[in-house]
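Okay, so here's the structure we're looking at.
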Amino acid sequence: MAKIFRGQIVHTRALNEFEVFTNGFVAIDTNGKIISCGSDTEYESWNKTQNINDFEIIYLTPDQFLMPGFVDCHIHAPQCAQIGLGLDMPLLEWLNTYTFPLEAKFADQEFARKVYNQVVKTTLRCGTTLASYFGTNHKDSTLILAKEALQLGQRALIGKVCSDCNIPDFYRETCEESIKATEAYISDFKSLKTKLVQPIITPRFAVSCDKDLLSGLGNIANKHDLHIQTHISESIAEIEFVHEIFSKSYAQVYDDAKLLTKKTVLAHAVHLEDDEIKLISSRGSSVAHCPASNTMLSSGLCDIFRLLNQGIKVGLGTDVSGGNSMSIQDAILRAMDVSHHLEFVKKQHIKGCENTKPSSSVEYKPLDYKQAIYLATLGGAQALALDHVTGNFVTGKEFDALLIDTSKYPLHNFDSYKTWNQDKSEEIKLLELVQKFIYVGDERNIVKVFVAGVQVKV
Ligand code: GUN
Ligand code: FE
């Protein structure tokens with residue numbers, strides 16, 4: 001049945017356009033598409049044009065609000081099996097010690113099924129309605145991930161990872177094997193007959209893919225108009241390795257292989273040079289900002305405003321298990337932390353230390369919670385080139401949404417907050433509920449998760 005949600009609603013229309021409806025509505029049709037959304041007054045005129053008996057009306061409580069589902073632009077599904085391990089190592093050591101041996105185990109499809117079922121359930125529980133997943137080098141196990149996402153109702157891009165060099169023998173494919181398996185993967189994917197999950201071309205990174213593999217994958221992506229994901233400029237040691245191999249900039253390596261398209265999402269982008277930013281922007285490619293992982297693996301502080309100001313689309317990624325949390329709500333907090341730390345680095349003057357003299361010309365405003373919510377929802381959908389489908393509550397998009405209940409544990413002292421907030425305007429009260437959820441809440445406050453209008457919370 002078609003549905004109307006009535007109550008408090010928030011979503012974003014741009015980085016600096018956060019829209020709230022204190023007594024709003026979202027109407028969705030039987031296919032889960034949004035047919036209208038707006039304020040109380042807009043509801044009064046809209047419902048005159050409708051036969052209201054055709055709709056189930058769901059009233060939110062004063063402690064609840066609806067927001068768009070979270071978008072995780074970068075997560076390694078197999079690595080969820082090792083989350084929290086080896087995070088005292090830098091990237092390349094962590095890959096060799098933990099990650100490659102674990103990923104090699106996904107040759108076992110039964111193991112893959114068990115892990116992937118848990119991964120999709122957990123990310124859904126954390127409110128991720130759209131994820132861009134890396135699988136492993138194994139085509140059939142990665143298809144199992146696609147089937148799990150489809151069965152559990154999560155929107156996803158899912159990539160068979162490709163790596164043919166600078167990776168241990170037990171996990172290496174040849175260039176021919178990798179290309180052949182990718183082509184077969186795309187063809188097998190068609191039998192799923194769905195738009196909810198789609199394949200994404202996934203060269204692991206320039207270190208582990210030779211020139212022929214990169215350009216072979218670029219050709220496949222362009223031939224089938226597919227999404228593309230990879231890593232870029234994450235750690236200094238990795239970047240030096242890429243320069244040694246290719247003798248050109250990291251972004252140029254990908255561009256030469258036709259891997260920078262409007263449907264490309266590049267994870268990390270911590271240390272990009274100005275001309276790389278210009279190149280990525282000119283190609284319309286995007287960045288997945290992974291603040292948890294950039295900190296855990298000591299990769300660096302990514303200045304996302306430097307990217308956004310050059311017109312690059314930016315979303316958030318958990319980058320599990322370089323990142324230690326499956327939750328995009330956590331990524332919101334970590335992105336704000338990193339942004340504040342960057343402000344300190346740019347402005348803080350340590351007494352007696354000449355090197356830290358702040359430049360009076362530094363104009364830097366850290367990311368605020370409304371902008372961070374944009375990155376976690378619409379920004380992510382734009383970064384994955386799926387903003388025509390999801391990311392906010394604009395008419396014609398699919399209803400991918402979270403019902404947040406701020407009265408639920410663990411929003412400590414929520415009852416006492418309500419005893420002194422009564423004089424505030426309805427709009428301020430709603431913005432404070434949003435802050436309570438973002439800053440103090442967790443997945444237990446996400447009481448319902450919808451993808452394409454279907455309640456999927458598990
Ligand atoms: N670069 C290449 N592979 C990986 C990976 O699995 N995780 C992270 N964070 N960076 C990578
Ligand atoms: Fe990654």
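Here, each number is a calculation from the coordinates, and none is a lab measurement. Source: prediction; values computed, not measured. Note: ideal-geometry Cβ built from the backbone for every residue, glycine included; neighbour counts use all protein chains shown.
In angstrom, the C-alpha Rg and Dmax of the chain are 22.2, 72. Listed here are the pairs Lys180/Lys258; Lys313/Lys448; Lys105/Lys139; Lys346/Lys370; which of them are more than 21 Å apart at the Cα? Over 21 Å Cα-Cα: Lys313/Lys448; Lys346/Lys370. Defining a contact as two alpha carbons under 8 Å apart and six or more residues distant in sequence, what relative contact order in percent does the stretch 1-105 show? Relative CO of the stretch 1-105 lands at 27 percent. For the stretch 365-424, the relative contact order comes to 16 percent (Cα pairs under 8 Å, sequence separation of at least 6). Applying the Kirkwood pairwise sum to the alpha-carbon positions of the stretch 394-458 produces a hydrodynamic radius of 13.2 angstrom. Highest mean first, the peptides 34-45, 415-426 sorted by other C-beta atoms within 10 Å per residue fall in the order 34-45, 415-426.
Within the chain, helices built from complete DSSP H runs that reach 18 Å or longer along their own axis (Cα positions) and carry a mean Kyte-Doolittle hydropathy of -1.0 or higher are 109-125, 139-152, 175-190, 211-224, 328-347, 426-440.
Among Thr129, Thr406, Thr49, Thr395, the order by Cβ neighbours within 10 angstrom, fewest to most, reads Thr49, Thr395, Thr406, Thr129.
Once you reduce the stretch 189-255 and the stretch 33-81 to the center of their Cα atoms, the two points are 35 Å from each other. For the listed peptides 153-160, 191-198, a ranking on the average number of other beta carbons within 10 Å per residue, highest first, reads 153-160, 191-198. Pairs of Cα atoms nearer than 8 Å and 6+ residues apart set the relative contact order; for the chain it is 20 percent. Between Glu343 and Met1, the C-beta separation translates, for a Förster distance of 60 Å, into a calculated FRET efficiency of about 0.75.
Pull up the cross-link candidates among the aspartates and glutamates for Lys262, meaning alpha carbon to alpha carbon under 17 Å and not fewer than 8 places away within one chain. Cross-link targets: Asp225, Glu276, Asp387.
222 nm [θ] for the chain, helices only, -39500 (n - 2.57) per DSSP H run of 4+, per residue, to 500? So the helix-based figure for the chain works out to -11000 deg cm²/dmol. Using equal-weight Cα scatterers in the Debye expression, the normalised intensity of the stretch 128-277 in log10 at q = 0.12, 0.15 Å⁻¹ is -0.47, -0.74.
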